[in-house]
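**Q** Just dropping this structure here.
Taken together, the values in this text are just the output of simple stated rules run on the coordinates, not laboratory data. This structure is a prediction, so every number in the text was calculated from the model and none was measured. FYI the Cβ positions are ideal-geometry reconstructions off the backbone, even for glycines, and counts take in every protein chain you see.
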């Protein structure tokens, strides 16, 4: 459990932050300048809030009422920055072991070999950082932080400096880390796609204040939140499983509480759990079930809420069984279709709109040996 209840002023900008989160990956999500990095710096002990309380894993790190402030080196918190910040004169092996040098042997829990296997960095051990890609450097930085035996891992925009190819390289390892490390993670990002794929809990931050806290599927499918996050990429997240493959058409069928979805063929066995992100701009609404159309996904739902996102657009929040979906339509379309809460509708989603970057493993390391679950923080 992480508890954060702080107030702090930085020049003309003020933080007034209150949230709690549990295991898994907690994403601090919001537009640039919202105060996300200031929050993780306060958790790390790099900033001392003027008043408040912070506790992680039962340890009180800050309690201004009692005069408690644990210095950063004694907090047992790992911090991964935008750049790996590896020591250029040391090999990857030596960089990894650097954190271990400062960890008492009796308290060390994650073994070197397990961390190397989890992050897929065995072939990199003899290299120096200058011979690594950006994604490889970040994996080594994460490994170094884990080997310091942290009670909490902070990651401040760790993919921000990487191109799309390097992001695709490292995301599966972050999913493994979320699912197979018992070290809770606080992850800072303003990228909706990253948060949708990785987060267990979202803390939506705007102008130094917490606007919403909750599970990823609930927060990301809530109409009206995305102006606070500053993104055009509003969208919802479904839990799904691989139901069947159709090799003839190179398609995979996914099933969940929402119904069924056809997506481009996946190289995953039937029964594999997934997260599916559907962008609001990729959803078309109809008030009658359409026929003879190219879109292969037609989902029946009910309008839950409608929120304006500007003079011309609406975000429509739909309920599809236990799941939620967002659609972005023009105000003119909303009026023509009579889109109001309670209205039954059909959501049309093109198969090709759900690409591989919209899909993530809900248990990314399910195919790893159970012995990997050794991180007890």
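**Q** For the condition closer than 28 Å to residue 37 by Cα and surrounded by 23 or more Cβ atoms within 10 Å (Cβ to Cβ), what is the one hit in 147, 132? Spell out how you get there, then give the answer.
**A** Values: 132 fails: surrounded by 23 or more Cβ atoms within 10 Å (Cβ to Cβ).
Exactly one residue qualifies, and that residue is 147.
**Q** Can you confirm whether residue 116 is crowded, with 20+ Cβ neighbours inside 10 Å, over 23 Å from residue 28 (Cα atoms) and under 25 Å from the mean Cα position of the chain (by Cα)? Explain how you work it out, then say what you get.
**A** Working: crowded, with 20+ Cβ neighbours inside 10 Å: yes; over 23 Å from residue 28 (Cα atoms): yes; under 25 Å from the mean Cα position of the chain (by Cα): yes.
Against the criterion (crowded, with 20+ Cβ neighbours inside 10 Å, over 23 Å from residue 28 (Cα atoms) and under 25 Å from the mean Cα position of the chain (by Cα)), residue 116 qualifies.
**Q** State the number of residues belonging to the stretch 299-336 that are more than 28 Å from the chain's Cα centre (by Cα) and buried (at least 17 other Cβ atoms within 10 Å of the Cβ).
**A** Number of matching residues: 1.
**Q** Could I ask something else about it? Give me a count of the residues in the stretch 235-264 that are part of a loop (DSSP other than H, G, I, E, B) and under 24 Å from the mean Cα position of the chain (by Cα).
**A** Let us first name the residues in the stretch 235-264 that are part of a loop (DSSP other than H, G, I, E, B), namely 247-250, 257-258.
Among the residues that remain, those that are also under 24 Å from the mean Cα position of the chain (by Cα) are: 257-258.
Of the residues in the stretch 235-264, 2 are part of a loop (DSSP other than H, G, I, E, B) and under 24 Å from the mean Cα position of the chain (by Cα).
**Q** Now, a different point. Could you please find all residues in the stretch 162-180 being surrounded by 15 or more Cβ atoms within 10 Å (Cβ to Cβ) and either under 14 Å from residue 143 (Cα atoms) or touching a residue at least 40 places away in the same chain (Cβ under 8 Å) (or both)? Can you show your working first?
**A** Let us first name the residues in the stretch 162-180 that are surrounded by 15 or more Cβ atoms within 10 Å (Cβ to Cβ), namely 162, 166-167, 169-180.
Passing the criteria: 170, 171, 172, 173, 174, 175, 176, 177, 178, 179, 180.
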